[in-house]
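Please read the structure below before turning to the comments.
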Amino acid sequence: MIEKVIAHLTEQRENHLERLNAFLRIPCISTDPQAKAAIVDGANWVLRFFHDAGIEADILETGGHPAVFADTGPVDSGGPTILVYGHYDVQPTGGLDLWESQPFDPVVRDGRLYARGSADDKGQVLTHMLAAEAWKSVAGGLPIRVKFLIEGEEEIGSPHLGPLIERERERLACDYVCLSDTAKFSADTPAITYGTKGMLYKEVVYTGARNDLHSGTFGGTFPNPANALVNTLHRLKDADGRVTIPGFYDAVEPNTAEELAALRGLPFDEQAYAASVGAGALAGEKGFSTMERRWLRPTLDVNGLLSGFTGEGAMTIIPARAMAKVSMRLVPHQDPVAISRSFDTYVRELTPPGIQVAIQDFTSCAAYACPLDNPGLQKAAAAVEAGFGVKPAFIREGGSLPILPMFKQLLGAESIMMGFCLATCNAHGPNEFMVLDDFYCGTQTAAHLATKLAE
C-alpha cells in the first residue's frame, strides 16, 4: 500500500505546492497585535485542511492564540500512536528592503520556495498533514494512529502550551511526539536530531554612583561598574574555556563511545564551518572537538553588553551602570534550577564592594536527549532513508526546545525530530526558503513513517 501512497503524493506535487503557497500567504505573525485576524485565519486554514481530508479536528482555545488538534483515530492492528507537533505562526518579516520578494507572496527561484514560514514551520508541518491526507485518500486510513497538535504561539515561546497539554493530556496521549522543525545535516544528508541543549538566560546589572561621574575629577576613587562587570564576566571562564561556576559540570556525564564514534564519522570541515560565518578562528573548551563543543558540551556566552557613553566622539565618564546579558546552554542531567542558583551566588561573590548587583532571569529550560537505541528513533531513520534515498545523520542541536522536556514530563513520550529544511534556510531572517525537493521528500518520509512504525 505504501507504494500507492507514494505514487499519489508524486502525482499531487503541483497541487501540494499550490496549497502550501495558500498557507504561506496568511501572515500569522504571533508577535504582532495587529495580526490577530491572520492568526485566526491560519488556525482555520489548518482546521479546514483536516476536515477536507476526512480527519476529525477541532480548535483548542488557549489563553492566547488558538491551537488545532486532529486525530486519525484508532486502528485495529494496534501499534504506536504518534503526536505530530508543529506550529502555524511565523516570525516578523524584519526589513522588507532585505527581501528579494514579498515575504507573504511565495516565489520559486532555482528550486527554492521563498516566503516567511516556508521552512519554519508551515512547509515542514504540512508534509505530515499531506502524508496523512494521502493515506486517507488511497487506503481509507492510516496503519497507525496519528494525532496532530499545531499551535500558534511557538514563535513567542509557547506560553500557553504547557497548560494546554495538561488540560488535554488524555486526548494528546501518545507513544512518540514527532516534530519537523529542525534542519538537515547538510544539503545532501538528512538528519534525525536526537537531542537539544537546555538554556539559562540572565541579565546582570551593576550599579555604582547615583549618576555618571567625571572620570578626571572622580577617577581612581570610586568603583567603576563597567570595569567591575567586565572583570566578573571574564572570571566566569578560565584560560581553557571551562566555566568556573561552582558545580557547573557536576552532573555532566561522559558521552558514550557509540555517540562519539557517530559524531566523528560525520563529514565536517572546520575551515568551511568558520568561513560560513566569516569567522577568523575557532575557539572553545580545551580538549574537545568543534563538533563536541557545538552539540555535546555545555557553554556560557555573553550575549549583550551596555554601559556608559557609546555615541560618536568622546565623553569621559565613569558610568553609573553596566549591564550584561548572559546565556548558558546546558546538556542532559544538568539541573537549570541548581545552576541558576549557583550562578547568582557566584556572581554576587565576584561583585566588588561599592557595587550593587541585580540579576534577572528570562529563560530556564532543561536539555533533552532521546536514547539512540530507542526503537521509534530507529524506525524514523528508516523512514527518512526511504523518503530521501539517503541514510540520515544522527545529530544533536546546540539550540534549545523547551517543549521537548515538557512533552516528556507531561505525556511520558520521547520526541523524534526529523528535519526537512537546510540549516541555512534563513529561518527568522530575510529571504527564508525551503528547497522544493526537500518538501516533497519530507512528505514521502512522513508517509513512510506510518508504515515503519506499524511494523
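Comparing the range 278-365 with the 2.2 N^0.38 Å rule of thumb, its C-alpha radius of gyration ratio is 1.40 (two decimals).
In the chain, the ratio of gyration radius to Kirkwood radius, Rg to Rh, stands at 1.02 when only Cα atoms are counted. Set against the 2.2 N^0.38 Å expectation for a compact globular protein, the range 29-119 has a Cα radius of gyration ratio of 1.36.
Segment R210..E270, full-extension length gain: 16.8 nm, with 0.36 nm per residue of separation and the alpha-carbon distance subtracted. Summarising the strand pairing of the chain, around 70 percent of its internal DSSP beta bridges are antiparallel. Under the convention that each Lys and Arg Cβ holds +1 and each Asp and Glu Cβ holds -1, the size of the dipole of the range 390-445 around its Cα centre is about 200 debye. Give the residue list of trypsin sites (Lys or Arg not before Pro) in the range 131-175 that are DSSP loop and have at most 12 other beta-carbon atoms within 10 angstrom. Answer in residue order: no site qualifies.
Assuming charge only on the beta carbon of Lys and Arg (+1) and of Asp and Glu (-1), the dipole of the range 98-209 about its Cα centre is about 260 debye to the nearest 20. The charge dipole of the chain, taken about its Cα centre with unit charges on the Cβ of Lys, Arg, Asp and Glu (plus for the first two, minus for the last two), comes to roughly 880 debye.
Secondary-structure-derived ellipticity at 222 nm for the chain, considering helices only, amounts to -10500 deg cm²/dmol, per-run term -39500 (n - 2.57) for DSSP H runs with n ≥ 4.
The residues of the chain expose on average 44 square angstrom of accessible surface per residue, using a 1.4 Å probe on protein heavy atoms. Among A261, L179, F407, pick out the residue whose Cα is farthest towards the positive end of the charge dipole of the chain, where Lys and Arg carry +1 and Asp and Glu carry -1 on C-beta, about the Cα centre. Looking along the dipole axis, the top candidate is A261.
Think of the chain as having a plus end and a minus end, set by charges on the Cβ of Lys, Arg, Asp and Glu; of A450, V40, C370, C370 sits farthest toward the positive end of this dipole. Note on K286: aspartates and glutamates with a C-alpha under 13 Å away, same-chain residues under 8 apart excluded, are D238, D240. A protection proxy built from the mean count of other Cβ atoms within 10 Å ranks the segments 423-436, 193-206, most packed first, as 193-206, 423-436. Simple rule: put +1 on each Lys or Arg Cβ and -1 on each Asp or Glu Cβ in the range 292-349, find the dipole, and look at V331, T299, I317; the Cα lying farthest toward the positive end is V331. For the range 41-135, the list of GluC sites (Glu not before Pro) that fall in a loop by DSSP and count at most 12 other C-beta atoms within 10 angstrom reads E61, E100. Structure note, pairs K36/K325; K237/K325; K136/K452; K202/K237; K391/K452: Cα-Cα distances above 20 angstrom occur for K36/K325.
In terms of its Cα atoms, the range 279-428 spans 65, 36, 32 Å along the principal axes, sorted from long to short. For the chain, the carbon plus sulfur part of the accessible surface works out to 50%, probe radius 1.4 Å.
For the peptides 208-215, 44-51, the ranking by packing is 44-51, 208-215, with the highest mean count of neighbouring Cβ atoms within 10 Å listed first.
The values are calculated or read from the model by the stated rules, or taken from the named source; none is laboratory data. Keep in mind the model is a prediction, meaning the values are calculated, not measured. Please note: Cβ atoms are built from the backbone with ideal geometry, for glycine as well, and neighbour counts cover all protein chains shown. Note: accessible area is taken over every heavy atom of the protein model, side chains too, but ligands, DNA and RNA are not part of it. Shrake-Rupley method; radii C 1.70, N 1.55, O 1.52, S 1.80 Å.
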